[in-house]
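Reviewing the structure listed below.
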Amino acid sequence: MTKSLAVLYINTHHKDGFYVKEANASAKSFKKYLPNAKYYLYTDYEKPIADCEFDEVIPYKFFVPEHLKDRVHLNGQMIVKHAAMQQMSEEHVLLLGADTYALKEHVTGLPDILEHFDIAAAHAPVRINTELGNTPIPEIPVAFPELNCDLILYRNSTEVRDLLSRWAELYLKDKFSHPHDQGLFRYLVYHSKLRLSVLPPEWNYREHKYREDTVILQNRFMLAEYLNPKKSILKRLWG
């Protein structure tokens, strides 16, 4: 029996709704392959969304507590993300960043991973990010790197919700004083008993080199090349 699926976006009004419009385009690309999912947007953007692809647009207040004001995500989307992920009622949830884009029909089978796993995500391109002032969390092996938290597929189970609740709690407590929430997610997944599926890089591709087998792209600067492959081939041939 097919499980119900929520596809979730969290984006603010900043840059005149740029991220909301980008998320709408992302949702359209995923709807091509996951048409039966329910698409949610949590946002503080108050203007109408042209050709809206979302089943529900949920107004939400974005804020940053004073003790987290020096973090990378200054718009407050981390806190809303942690809350929204716990508010879904569907059996499976796919969290997506605004700059993700579905390119191949293989996306149709992505939720099937959850028949055997609790969470699926790809490794972060920077495996353990210490460039922004992050501590390396020495008790976790280097061989267990960070996961990209802009694409997380998960079972909406009690066990996963417990991890999400802990993620939200420890982020607000600033457990590791990281500028981002990915190190904390790494810590929690490592210490959990949840079954993790690590997606291949082409399922959450973020690099700047064109890759023919890309299934899901997350690179707004490369999207035009993927949408116009003939032009991209000529560009690569002729420089």
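None of the figures in this text is laboratory data; all of them are computed from the coordinates on show. This one's a predicted model, so the numbers in the text were calculated from it and none came from an experiment. Every residue, glycine among them, receives a Cβ derived from its backbone with ideal geometry; neighbour counts consider all protein chains shown.
Annotations
- Helical runs (DSSP H, four residues minimum) scored at -39500 (n - 2.57) apiece and divided by the length of the chain put the mean residue ellipticity at 222 nm at -8500 deg cm²/dmol.
- Inter-probe distance in nm under a simple model that places probes 7 Å from Cα toward Cβ, at residue 209 and residue 56: 4.3 nm
- If you run the Gaussian network model on the chain, springs between alpha carbon atoms under 10 Å, then out of 50, 23, 168 the most flexible one is 50.
- Links that overshoot a 19 Å alpha carbon limit, given the list 31/104; 3/81; 15/173; 28/209: 3/81; 15/173; 28/209
- Taking segment 5-238 and dividing mean pair separation by its residue count, relative contact order in percent (alpha carbons under 8 Å, at least six apart): 21 percent
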